[in-house]
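Colleague: A single structure is presented below for examination.
A short reminder: the numbers here are calculations on the coordinates, not readings from a lab. Please read these numbers as outputs of a predicted model, since none were measured by experiment. FYI the Cβ positions are ideal-geometry reconstructions off the backbone, even for glycines, and counts take in every protein chain you see.
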Ligand SMILES: Nc1ncnc2c1ncn2[C@@H]1O[C@H](COP(=O)(O)OP(=O)(O)OP(=O)(O)O)[C@@H](O)[C@H]1O
Ligand SMILES: [Mg+2]
């Protein structure tokens, strides 16, 4: 058995009374591309900060490539690269100068710095911007340069905290390609955080859904979705009170699978959704709940998150792919 790339043992971090990371135990194997998916404030950055030895755990510990973050933090740092959530580039330097500076901090020789900066610039396709001041870069180029910098010293493990935050979909897609390439070609184990469902879904081999400092579910995106079973039907009602009434009724009724409500929508996970819709509408009608629209889709990671936490990560991240939407006439009584 190989040493795990990362293993945490009830790792915990408190800020005064706030428990930002709450007894997380997880194991990430060598070569994995692993994602931590969770909303703002879930504890993703705090966990990365502990694993990368930026802050110590309050309790528990972790090992990176078998080295304990509490006992030998400087040895851990030799093995890792970190791309922080906020930019830490020096924009008064050129791309190449930023890389060179990083190489010096890691004690690389002049020749190695030159060779390695050429390699990593090629990997993120920034060769033609190498001699240009970073302050003239676009947001996507800066992100790519940061990823390149994180790779300068050949880390075994790369931490990427929200690698595509705020970038447009096309740039995001490009960055996903680089991340896949460096995972395969450079054989780097990657732990990334994201609150973009699509990013976790498309990019990561396994993901941990994290909320309020703890892991709610951990598996491949496919297994997490399949575990919900069947289809997801969203019944849109007139208001939250109606959604809550309908949700309670369906839950009591027991024949409607996994039921949650959020704002004025009721979400039901069940087998053979298409044929169940008339029955669900009948129940709503008998209760006096007005259904404004019905949406049927295969489970997404958003549905997985909702089913484990009762909340949505971010509404705008839900994908329209594969959806059938039935717009119903409002049946006002
Ligand atoms: N230095 C700090 N002092 C006090 N509280 C902190 C500190 N750093 C983080 N927190 C709190 O810990 C919790 C987890 O924060 P963290 O930054 O780890 O979340 P996150 O999942 O990375 O969120 P985001 O998606 O917004 O980046 C939050 O409630 C945050 O306010
Ligand atoms: Mg964060």
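Colleague: What is the antiparallel percent of DSSP beta bridges lying wholly in the chain, to the nearest 5?
Modeller: Around 70 percent antiparallel, to the nearest 5.
Colleague: Given a cut-off of under 8 Å on Cα pairs at least six residues apart, what relative contact order in percent is computed for the chain?
Modeller: Result for the chain is 17 percent.
Colleague: Starting from 0 in steps of 5 Å, tell me what percent of the Cα-Cα pairs of the stretch 180-310 lands in each bin.
Modeller: 2, 10, 19, 19, 16, 12, 9, 6, 3, 3, 1, 0, 0
Colleague: Can you put 279, 149, 75, 143 in order, fewest other beta carbons within 10 Å first?
Modeller: Numbers: 279 12, 149 24, 75 15, 143 27.
Fewest-to-most Cβ neighbours within 10 Å comes out as 279, 75, 149, 143.
Colleague: Using only the alpha carbons of the stretch 1-92, what is the convex hull's orientation-averaged projected area in square nanometres?
Modeller: With the hull built on Cα positions only, its mean projection is 7.3 nm².
Colleague: Moving on. Expressed as a rounded percentage, what relative contact order does the stretch 184-239 have, with Cα pairs under 8 Å and six or more residues apart?
Modeller: After rounding, I find 20 percent.
Colleague: Compute the angle between helix 110-123 and the longest alpha-carbon principal axis of the chain, please, reported from 0 to 90 degrees and rounded to the nearest 10.
Modeller: 30 degrees
Colleague: Before rounding to the nearest 500, sum -39500 (n - 2.57) across all DSSP H runs of length at least 4 in the chain and divide by the residue total; then give [θ] at 222 nm in deg cm²/dmol. Each step should come with its number before you reach the end.
Modeller: On the way: 11 runs with 123 residues, N = 333.
Here the helix-only value at 222 nm equals -11000 deg cm²/dmol.
Colleague: Give the whole-number value, in cubic angstrom per residue, of the convex hull volume spanned by the C-alpha atoms of the stretch 154-195. All intermediate terms of the calculation are to be shown ahead of the outcome.
Modeller: Values: hull volume 2.7 nm³, N = 42.
Residue-normalised Cα hull volume stands at 63 Å³.
Colleague: I've got another one for you. Could you put 58, 109, 74, 117 in order, starting from the residue whose Cβ has the fewest other Cβ atoms within 10 Å?
Modeller: Listed from fewest to most nearby Cβ atoms, that is 74, 109, 58, 117.
Colleague: A further question follows. How long are the semi-axes of the equivalent ellipsoid of the stretch 50-195, defined as square roots of 5 times the Cα gyration tensor eigenvalues? Whole Å, largest first. Don't jump to the answer; show the numbers that get you there.
Modeller: Details: eigenvalues 122, 66, 39 Å².
Each semi-axis is √(5λ); the values are 25, 18, 14 Å.
Colleague: Using the 10 angstrom Cβ neighbour count as an exposure proxy, how do 102, 260 rank, fewest first? Spell out each step's value before the answer.
Modeller: On the way: 102 23, 260 20.
By the 10 Å Cβ count, ascending, the order reads 260, 102.
Colleague: Relative to the longest principal Cα axis of the chain, at what angle does helix 95-105 sit, 0 to 90 degrees, rounded to 10?
Modeller: 70 degrees
Colleague: Can you give the Kirkwood hydrodynamic radius for the chain, in Å, rounded to one decimal and based on Cα pairs?
Modeller: 21.8 Å
Colleague: I'd like the distance separating the alpha-carbon centroids of the stretch 175-210 and the stretch 1-30, in whole Å.
Modeller: Here the answer is 19 Å between Cα centres.
Colleague: Would you mind checking the tilt of helix 169-185 against the longest principal axis of the Cα atoms of the chain, expressed as 0 to 90 degrees and rounded to 10?
Modeller: Between the helix axis and the principal axis of the chain, the angle is about 60 degrees.
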